[in-house]
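The values are calculated or read from the model by the stated rules, or taken from the named source; none is laboratory data. Everything quoted here is computed from the prediction, not taken from an experiment. With ideal geometry, Cβ positions are generated from the backbone for all residues, glycine too; neighbour counts draw on all protein chains shown.
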C-alpha cells in the first residue's frame, strides 16, 4: 500500500492540494512560470510536512527531509516513470546550468558584473552533480546510481525553490535579470514538480472522482466505459448543487460528506483532453482528497467553474 493510504486524515495533503489547484488556475490564466513553480513548491512542502510527521522525525533538516521523501516515497514503478521522463531529462540537460543564488551572494557577486568561471562552477555544483548522475543512469542500472539521481534532483529542486524565494533584492541593488532567469528555469522545473506531485500521491492523475452523470448506470457513463479500470465507492467533503438539471460539485475539506465513485485507470492520463472538452467551460478539472475502503487517496474531479 502507498504511504498515503496509511494516513488517518488528509491534514496537510488537503493543504498541498489547495496549492496545487491554485497552480493549475495560474497555468490556465497563463501566469508566470515562476509563480506557478512557487505554488507547486508550496504543495510539495505540505506533502513533505505530512511525510515527516508520518516518519516521526520532525528534527530532520529541510533539504534532507525533501531528499528522503523523494528517495523513499517513489516506489520501483514510479522511479522508472521518473527516470524515463522528458521532464527529468530536460532538467538535467538545461543550459546554462542552474546556479545557487545563495552561493553567489555569499561570494558577493554583484548584479551586472560578469561572474568568474570558478564561482560559476561552485554555484552550479548541484546541477552539475545531477547531470553526472543522470548520464550514468542508463549505463549503470544500479540502485545506488538511481538513488543518487533522485537525491541530486531533489537537491537541485531545493536550490530553485530557494532562488525563487530570495527574489531580486541584493545588498548592491536589484538584480533585474534574475526575474528572467527564474522564469527560464521554472519552465523546465514545473513539469518535474507536476510529475512528483502525481507520483508521490500514488498516481493521482490516473484517478477520477465521479459524483454525477459519468458514473456507471448514469446517462454519460459511455464516455468512460471504453477505458480499462476499476470502480469503487468513496466519499469526499464539499457541496453538491444542481444547475440546469446537472450536478455541480464544490470541494470543501470541512464541508458535508459527499458520496461518489472513484474510477482508477492508467488510460485516464491519455483521455483528459477529451474529457475536459466533454465537460465544457462550466467545469474545471482539479484535485481533491477522497476516502476509500483502502484509505485516503487523491483524485481528479470536475468542479463547478464560472462560465
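For the stretch 211-307, the strands (runs of 3 or more DSSP E) that sit wholly inside it and include 2 or more residues that are closer than 19 Å to residue 9 by Cβ are 230-243, 256-264, 283-292, 295-304. Output yes when any residue across the stretch 167-182 is surrounded by 15 or more Cβ atoms within 10 Å (Cβ to Cβ) and within 29 Å of residue 78 (Cβ to Cβ), and no when none is. Scanning the stretch 167-182 turns up at least one residue that is surrounded by 15 or more Cβ atoms within 10 Å (Cβ to Cβ) and within 29 Å of residue 78 (Cβ to Cβ).
Please find, within the stretch 81-103, the residue that is surrounded by the fewest Cβ atoms within 10 Å (Cβ to Cβ) out of those that are modelled with pLDDT of 95 or more and over 16 Å from residue 129 (Cα atoms). Among those residues, the one meeting the criterion is 86.
Which one of these does residue 245 not meet: (1) at pLDDT 90 or above; (2) loosely packed, with under 10 Cβ neighbours inside 10 Å? Every condition holds for residue 245 apart from (1).
When the criteria are applied in full, residue 123 meets the requirement of being over 21 Å from residue 36 (Cβ atoms), surrounded by 15 or more Cβ atoms within 10 Å (Cβ to Cβ) and touching a helix residue (DSSP H, G or I) at 6+ places or on another chain (Cβ under 7 Å). Taking the criterion of being surrounded by fewer than 16 Cβ atoms within 10 Å (Cβ to Cβ) and either modelled with pLDDT of 95 or more or in a helix (DSSP H, G or I) (or both), the residues of the stretch 65-80 that qualify are 71, 72, 76, 77, 80. Here is the figure for the stretch 44-57: residues that are assigned to a loop (DSSP other than H, G, I, E, B) and within 26 Å of residue 288 (Cα to Cα) total 1. Could you please let me know if residue 183 is assigned by TED's automatic domain parsing to the domain that holds residue 125 and free of Cβ contacts under 8 Å to residues at least 40 places away in the same chain? Taking the combined requirement at face value, the residue does not satisfy it. The number of residues in the stretch 225-249 being in contact with a helix residue (DSSP H, G or I) (Cβ under 8 Å, 6 or more places away or on another chain) and either farther than 16 Å from residue 276 by Cβ or outside the structural domain of residue 298 (by TED's automatic domain parsing) (or both) comes to 2. Each residue in the stretch 91-100 was checked for being in contact (Cβ under 8 Å) with a residue 60 or more places away in the chain and over 14 Å from residue 155 (Cα atoms), and 1 of them qualify. The residues on offer are 52, 113, and the sole one that is free of Cβ contacts under 8 Å to residues at least 60 places away in the same chain and closer than 18 Å to residue 180 by Cα is 113.
Going through 289, 222 one at a time, which residue ends up being exposed (fewer than 15 other Cβ atoms within 10 Å of the Cβ) and outside the structural domain of residue 11 (by TED's automatic domain parsing)? Going through 289, 222 in turn, just one is exposed (fewer than 15 other Cβ atoms within 10 Å of the Cβ) and outside the structural domain of residue 11 (by TED's automatic domain parsing): 222.
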